[in-house]
1. Provide a single number: the residues in the stretch 464-493 that are within 29 Å of residue 141 (Cβ to Cβ) and not hydrophobic (A, V, I, L, M, F, W, C).
2. Taking the condition of being on the phi > 0 side of the Ramachandran plot and buried (at least 24 other Cβ atoms within 10 Å of the Cβ), how many residues in the stretch 324-351 meet it?
3. Applying the selection to the stretch 306-323, what residues are surrounded by fewer than 22 Cβ atoms within 10 Å (Cβ to Cβ) and either in contact with a Gly (Cβ under 6 Å, 6 or more places away or on another chain) or in a helix (DSSP H, G or I) (or both)?
4. Report whether or not residue 88 is open to solvent by less than 40 Å² (accessible area, probe 1.4 Å), at pLDDT 80 or above and among the polar types (S, T, N, Q).
5. Search the stretch 160-178 for residues that are in contact (Cβ under 8 Å) with a residue 12 or more places away in the chain and pair each with any residue that is buried (at least 22 other Cβ atoms within 10 Å of the Cβ) and of a type in the set (Asp, Glu) when their beta-carbon atoms are under 8 Å apart and the residues are at least 6 apart or on different chains.
6. Among the numbered criteria (1) closer than 18 Å to residue 150 by Cβ; (2) touching a Gly at 6+ places or on another chain (Cβ under 6 Å); (3) at pLDDT below 85, which single criterion is violated by residue 249?
7. Suppose we filter the stretch 363-410 for residues that are buried (at least 22 other Cβ atoms within 10 Å of the Cβ), modelled with pLDDT of 80 or more and β-branched (Val, Ile, Thr); how many remain?
8. Do you know which residues across the stretch 397-415 are over 14 Å from residue 195 (Cα atoms), touching a helix residue (DSSP H, G or I) at 6+ places or on another chain (Cβ under 6 Å) and among the small types (Gly, Ala, Ser)?
Amino acid sequence: MASRWCQLLCPQPKQVASESMHGARLAAQQLGRGCDACDVEAGKPCRCAQGQEEDADFVAHMVSNRHIRQEETTRAGGGRVAAAAVTTQQHHSKPASTFAQSVINMVGMLIGLGQLSTPYALENGGWASIFLLVGLGIMCAYTAHIIGRCLDEEPSSKTYQDIGQQAFGSKGRLIASAFIYLEIFFALVSYTISLSDNIPLVFAGVRLHLPWLRLSTTQLLTVMAVLVALPSLWLRNLSSISFLSFVGILMSMVILVTILCTAAFSNVGLGKHIPVLRLDKIPTVSGLYMFSYAGHIVFPNIYTAMKDRSSFTRVSVTNFFMVAVLYTTLAFVGASLFGPSVNSQVTLSMPPGLLVTKVALWATVLTPVTKYALEFAPFAIQLEHHLPATMGPRARIIIRGSIGSAGLLLILALALSVPYFQYVLSLTGSLISVAISVIFPCGFYLKIRWGRLSRPVVVLNAAMIAVGFVLAVVGTASSAKLLVKSIQNGHVA
């Protein structure tokens, strides 16, 4: 039974490095070294062949997003992305990522939605909670290192799911895949909530009313934005989807720069009081911090794309050091700027009317719109691999687009029903990110290298599993309780 469900749920091996958002990380996982989805007999053609050529282009295109970005800056006209894809595909025959490119890919992948909540998390947890932020960064740097060690053990392992199967067989692959898809789902819900929170400020003064729909102006604006993004789910041109990856990274960097500009050039003064420690808020804060470091499912991609894989540990340490410094700076700047009034998304606390505020809000609104197609790409590709071989290209596109559209509309409905960004994000970090980034890597490592590890290493990994388990249980319980309470209060109101 487990193997049957694994065949349906698990992406096939061959994953490559991708951009910062969670869906793009998985967009290349679907191509297998064989075709397990079809279970073809020897000498017979694969049913999936119709979609594999474009999928291969997508995989090659996403293998080094930094290289693509460099190509795009040197070319002009509408063919820039296609040209970059061709160039990258030519270099896909062997690993080519340098140390610097690998660090940039890893940093760019981690910086995303979590950066919006770090000032809120610091203000709620107290300035002493910064030690928790740094400590989780150290733990995640170590688990990134041991992911590389697991990949050293089995050269055929290329993806996070491969490591799960290497450790615990088909059940390990099934569990890893289930958590990865849960992470994508919750990330999409969080993005949509962020869109709903920020879009009324972008269109301040706009009032919409449809007598036959009991929706507020904010909800109508959110629905309109999602409908604008809906056609992107029907794209079969994978180069276009990859271009959205670059736009998403750019938006994340714009948000960071605008917050720093607010601190440097606005009339909002630094120096607001930050409490020392609030122990009762630490479970929720730990989930927010953990979500900010979630990215381990793509680390095998970065590893396999490196020219010198022996430097992967140095890449991981450098990456998490840079990200921890960035998050710490952003957390202290945001909390010191806005104090107790800081919002769960720091962009909502920025002073109205300033140019940097408008830019930050637009970037926050555009980010989810660019992510939907990327997030749904792994589902779409896996779906096509299970469609009948006799089905024509047009029917495949219709099924792909229809299921993607239905899924996005379901996520939209959920996001509008549960518009509590900080609790959804904290729940995702506690329930899913802790498992993917701490518990699973340590468990995989112990199982794969059992009998060859020293006692201190065994104790260290067992202790990290225990800490991760405690953070997951306590954080999930706290976040779920606050989320339920907020929903009940919302219904009462």
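1. The total comes to 5.
2. Number satisfying all stated conditions: 0.
3. Once the filter is applied, which keeps residues that are surrounded by fewer than 22 Cβ atoms within 10 Å (Cβ to Cβ) and either in contact with a Gly (Cβ under 6 Å, 6 or more places away or on another chain) or in a helix (DSSP H, G or I) (or both), the stretch 306-323 yields 309, 310, 311, 313, 314, 317, 318, 321, 322.
4. For residue 88, the condition - open to solvent by less than 40 Å² (accessible area, probe 1.4 Å), at pLDDT 80 or above and among the polar types (S, T, N, Q) - is not met.
5. Once the first residue is in contact (Cβ under 8 Å) with a residue 12 or more places away in the chain and sits in the stretch 160-178, its partners that are buried (at least 22 other Cβ atoms within 10 Å of the Cβ) and of a type in the set (Asp, Glu) give 173/162.
6. Condition not satisfied by residue 249: (1).
7. 3
8. The answer is 401, 404, 405.
The values are calculated or read from the model by the stated rules, or taken from the named source; none is laboratory data. Given the structure is predicted, the values throughout are model-derived calculations rather than measurements. Note: ideal-geometry Cβ built from the backbone for every residue, glycine included; neighbour counts use all protein chains shown. The area values use the complete protein model at the heavy-atom level, side chains included, leaving out ligands, DNA and RNA. Shrake-Rupley method; radii C 1.70, N 1.55, O 1.52, S 1.80 Å.
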